[in-house]
Amino acid sequence: MAETASKQFKDKVALVTGGASGIGEACALTFARSGAKVAVVDLNDELGEKTAAAARRAGADAIYLRVDVSDPAAVEKMVADAVKAFGRVDIAVNNAGIGGESNPTGAYSIEGWRKVIDINLNGVFYCMRYQIPQMLKQGSGVIVNMTSILGTVGFANSAAYVAAKHGILGLTKTAALEYAKQGIRINSVGPGFIKTPLLDSLDEQTQAYLSGLHAMGRMGEAQEVADLVAYLCSDQASFLTGGYYLVDGGYTAQ
């Protein structure tokens, strides 16, 4: 995919959780190239600082914030720190998440369940809980919550992940209804299997299997997801809120 050339997000501030690598990194750098100031949020300090530095090389003001999104106090501070650095938060991409263990529901560990729900679902709620009041003060804002194809279909041995991603859809729709008349748009994006460092570490046979699950016969690229996120955050998407937008290579069409 071609890099974003326009400066459509000039004077905007974008906050991206899970921004150190993969889809989050692609989103952060897309906003940076498009003129936004960027707060890169993650727990991987090395990669987070690297992404922030890449954003600065692209011409953006950028900072890295170390935040555990499963900690509401840390998330509240995250929003405050972004506002302290840049004065506002216009765009929030709530992307942080983990895959969790692989076990059938009847054998899924309680600890594993709680960890995935805390990060993948509670973390998105905490982010919106503190992003929305700031956006209300400003009179505008856009939020994109990263879900998955597994927000609409099941996947064996991934009970916690699937439940969390389904939950994000309901949370997104509810919040979108609540704030549609107050200048805040909230949507969700459902990627298929995307080529990220995590999937790149899988063996060739597993990668081939995952590629074959998509009608297009391949996994997606992080930039393909970032391009959709950028569109949803742009003025071109001014009438879009409460939606769930798949970027899945035809996975759910089969």
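Could you tell me which of the residues Val144, Val116 is modelled with pLDDT of 95 or more, buried (at least 21 other Cβ atoms within 10 Å of the Cβ), among the β-branched types (Val, Ile, Thr) and within 24 Å of Ile91 (Cβ to Cβ)? Checking each option against the conditions leaves just Val144. The numbered conditions (1) part of a helix (DSSP H, G or I); (2) over 26 Å from Gly183 (Cβ atoms) are all true for Glu76 except (2). Does at least one position in segment 46-61 carry a residue that is touching an Asp or Glu at 6+ places or on another chain (Cβ under 7 Å) and more than 19 Å from Ile23 (Cβ to Cβ)? Within segment 46-61, none of the residues are touching an Asp or Glu at 6+ places or on another chain (Cβ under 7 Å) and more than 19 Å from Ile23 (Cβ to Cβ).
Residues that are of a type outside the set (Val, Ile, Thr) and in contact with a Phe, Trp or Tyr (Cβ under 9 Å, 6 or more places away or on another chain) were ranked within segment 78-93; the one that is nearest to Ile119 (Cα to Cα) is Met78.
Between Leu136, Leu150, Leu169, the distinction of being within 15 Å of Gly99 (Cα to Cα) and surrounded by fewer than 22 Cβ atoms within 10 Å (Cβ to Cβ) belongs to Leu150 only.
Scanning segment 35-69 for residues that are among the acidic types (Asp, Glu) and either buried (at least 16 other Cβ atoms within 10 Å of the Cβ) or farther than 17 Å from Val83 by Cβ (or both) turns up Asp42, Asp45, Glu46, Glu49, Asp68. Of the set (1) under 25 Å from Pro197 (Cβ atoms); (2) among the β-branched types (Val, Ile, Thr); (3) in contact with a Cys (Cβ under 9 Å, 6 or more places away or on another chain), all apply to Val142 but (1).
Let's see how each residue does on (1) in contact (Cβ under 8 Å) with a residue 24 or more places away in the chain; (2) buried (at least 20 other Cβ atoms within 10 Å of the Cβ); (3) in a strand (DSSP E or B):
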{"site": "Leu210", "(1), (2), (3)": "no, no, no"}
{"site": "Ala215", "(1), (2), (3)": "yes, no, no"}
{"site": "Arg218", "(1), (2), (3)": "yes, no, no"}
{"site": "Ala226", "(1), (2), (3)": "yes, yes, no"}
{"site": "Ala230", "(1), (2), (3)": "yes, yes, no"}
{"site": "Gln236", "(1), (2), (3)": "no, no, no"}
{"site": "Gly242", "(1), (2), (3)": "yes, no, no"}
{"site": "Leu246", "(1), (2), (3)": "yes, yes, yes"}
{"site": "Gly249", "(1), (2), (3)": "yes, yes, no"}
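Which one is nearest to the chain's Cα centre (by Cα) among residues in segment 167-178 that are of a type outside the set (A, V, I, L, M, F, W, C) and more than 11 Å from Tyr244 (Cα to Cα)? Looking at the filtered set, the residue picked out is Gly167.
Taken over segment 156-198, the residue count meeting the criterion of being closer than 21 Å to Leu228 by Cα and hydrophobic (A, V, I, L, M, F, W, C) is 11. On the basis of being of a type in the set (A, V, I, L, M, F, W, C), modelled with pLDDT under 95, surrounded by 12 or more Cβ atoms within 10 Å (Cβ to Cβ) and more than 18 Å from the chain's Cα centre (by Cα), does Leu198 make the cut? So Leu198 does not fit the description; no.
Just name the residue that is surrounded by the most Cβ atoms within 10 Å (Cβ to Cβ) out of those in segment 11-29 that are under 17 Å from Gly190 (Cβ atoms) and in contact with a Ser or Thr (Cβ under 8 Å, 6 or more places away or on another chain). Here the residue is Gly24.
Within segment 232-254, being in contact with a strand residue (DSSP E or B) (Cβ under 9 Å, 6 or more places away or on another chain) and under 17 Å from Val13 (Cα atoms) holds for Leu232, Cys233, Ser234.
The values are calculated or read from the model by the stated rules, or taken from the named source; none is laboratory data. On a predicted model such as this, the values are computed, not experimentally measured, just so you know. Here Cβ is always computed from backbone atoms with ideal geometry, including for glycine, and neighbour counts include all displayed protein chains.
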